[in-house]
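Take a look at the structure below.
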Amino acid sequence: MSFNVTLQPADRQFTVERDEAILPAAIRQGIGLPYGCRDGACGSCKSRLVEGRVIHGAHQLRALSEAEEAAGLILTCCATPQTDCVVEARMVPGAGEYPVLKLPTRVLSMQRAAPDVMVLRLQLPANQNLRYRAGQYVEFILRDGARRSYSMANAPHALGSPPSIELHVRHMPGGKFTDHVFAAMKDKDILRMEGPFGSFFLRDESEADRARPAERPLVLLASGTGFAPIKAVIEQMQHDGITRPAVLYWGGRRPHDLYMHRWCEETAAAMPNLRYVPVVSDALPEDAWAGRTGFVHRAVMQDWPDLSAHQVYACGAPVVIASARRDFVGQCRLDANEFYADEFTSEADKHGNP
């Protein structure tokens, strides 16, 4: 048995198999829907159920509260149709245009960029052409079937020779995958991965005015290793000659958390339309930090009290993304449709652990 799901206002229709959630069915059929974690933790796929009935699988209340569910909102990543459904959801142009592939990768290099950050280069197989948009992510399939997600930090044109993707992995003590990366992984190890996934990438047009290409100035907001997909987006902008004014705000607790600070300075110097603002929240005297301090999203608000003309692309910890979305929309007049985010949800976040 299968059910039909109709997307409004795009008037696109696709089928969902019995016991299948809406989002994976859409991905399987090349339908572009917004999403992030695919685990009911981030809320990026939140949509409105106009007609029909669904049953939700396990999810975090911060992603979809009981009040929101009662008001007709659903998480497409874990909402399983029980009838034909009509769903109001923003279509994502280009999200489904590249096939999702399962492929092996070989560890090409490992570089400790900070005490708790490893930059990995993973060689792609020569007989498979991984195509993706700058900002998307891949999932690693571990031996027990568990999955871990990491954004690609290099744009598609910057795969190099041999072709390889760049990942920024933060060590989470006790983490099944990151403990292995920092303690046991070595060059030439083979990993299994699947991708590309995600709807985080630079939009060619404005959600607020779909009749013309996007001309809005950009705020690029990153916390910690949320810098990885932002780096890929910046590389793509430079490659494509995109000249929209852009400001990169990168926040960390200590200066060493801005582990590619020099890259940001050099890239901003090479791109007249890009400005770089590093922000540190917990600098110590011995850091001799003379730059901006405090929460990174607050630095944006200080510089841009009116964001009504901007697009924002934000990546990092869930608390940073939630605070930025709430305050930018509520206090700085940002159009909610112009806030694009990729929450870096850990396994603890997904299971509701502190």
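The number of residues in the stretch 244-259 being surrounded by fewer than 15 Cβ atoms within 10 Å (Cβ to Cβ) and more than 23 Å from MET301 (Cα to Cα) comes to 0. If you go through the stretch 8-28 one residue at a time, do you hit one that is over 26 Å from PHE344 (Cβ atoms), out of contact with any Asp or Glu (no Cβ under 8 Å at 6 or more places or on another chain), surrounded by 15 or more Cβ atoms within 10 Å (Cβ to Cβ) and among the basic types (Lys, Arg)? Yes, the conditions are met somewhere in the stretch 8-28. Within the bounds of the stretch 182-191, is there any residue that is of a type in the set (Asp, Glu), surrounded by 18 or more Cβ atoms within 10 Å (Cβ to Cβ) and modelled with pLDDT of 95 or more? So far as the stretch 182-191 goes, no, none of its residues is of a type in the set (Asp, Glu), surrounded by 18 or more Cβ atoms within 10 Å (Cβ to Cβ) and modelled with pLDDT of 95 or more.
Out of the residues in the stretch 133-159 that are within 17 Å of ALA228 (Cβ to Cβ) and basic (Lys, Arg), state the one that is surrounded by the fewest Cβ atoms within 10 Å (Cβ to Cβ). It would help to see each step written out before you state the result.
First, pick out the residues of the stretch 133-159 that are within 17 Å of ALA228 (Cβ to Cβ): 133-140, 148-159.
Still in the list and also basic (Lys, Arg): 133, 148.
On the way: ARG133: 22, ARG148: 20.
Taking the candidates together, the pick is ARG148.
Residues in the stretch 60-80 that are more than 19 Å from PHE344 (Cβ to Cβ) and in a strand (DSSP E or B): 4 in all.
For the stretch 232-251, the set of residues classified as outside any strand (DSSP E or B) and within 25 Å of ASP306 (Cα to Cα) consists of VAL233, ILE234, MET237, ILE242, THR243, ARG244, PRO245, listed by residue number.
Considering ALA322, ALA341, ALA314, the condition of being modelled with pLDDT of 95 or more, closer than 28 Å to VAL119 by Cα and not in a loop (DSSP other than H, G, I, E, B) is satisfied by ALA314 alone. Right, THR83: over 24 Å from the mean Cα position of the chain (by Cα), modelled with pLDDT of 95 or more and part of a loop (DSSP other than H, G, I, E, B) or not? Considered against the rule, which asks whether it is over 24 Å from the mean Cα position of the chain (by Cα), modelled with pLDDT of 95 or more and part of a loop (DSSP other than H, G, I, E, B), THR83 comes out as yes.
Just for the stretch 325-338: of the residues that are buried (at least 18 other Cβ atoms within 10 Å of the Cβ) and assigned to a helix (DSSP H, G or I), which one is modelled with the highest pLDDT? Taking the candidates together, the pick is PHE328.
For the stretch 52-65, residues that are surrounded by fewer than 13 Cβ atoms within 10 Å (Cβ to Cβ) and touching a strand residue (DSSP E or B) at 6+ places or on another chain (Cβ under 6 Å) total 1. For the stretch 252-290, filtering for residues that are part of a loop (DSSP other than H, G, I, E, B) and either over 25 Å from PRO318 (Cβ atoms) or within 22 Å of the chain's Cα centre (by Cα) (or both) leaves 11. Inclusion of PRO162 among residues that are surrounded by 19 or more Cβ atoms within 10 Å (Cβ to Cβ), not assigned by TED's automatic domain parsing to the domain that holds LEU23 and not hydrophobic (A, V, I, L, M, F, W, C) is not warranted.
The values are calculated or read from the model by the stated rules, or taken from the named source; none is laboratory data. Quantities reported herein were computed from a predicted structural model and do not represent experimental measurements. No Cβ is skipped: glycine too gets one built from the backbone with ideal geometry, and neighbour counts run over all protein chains shown.
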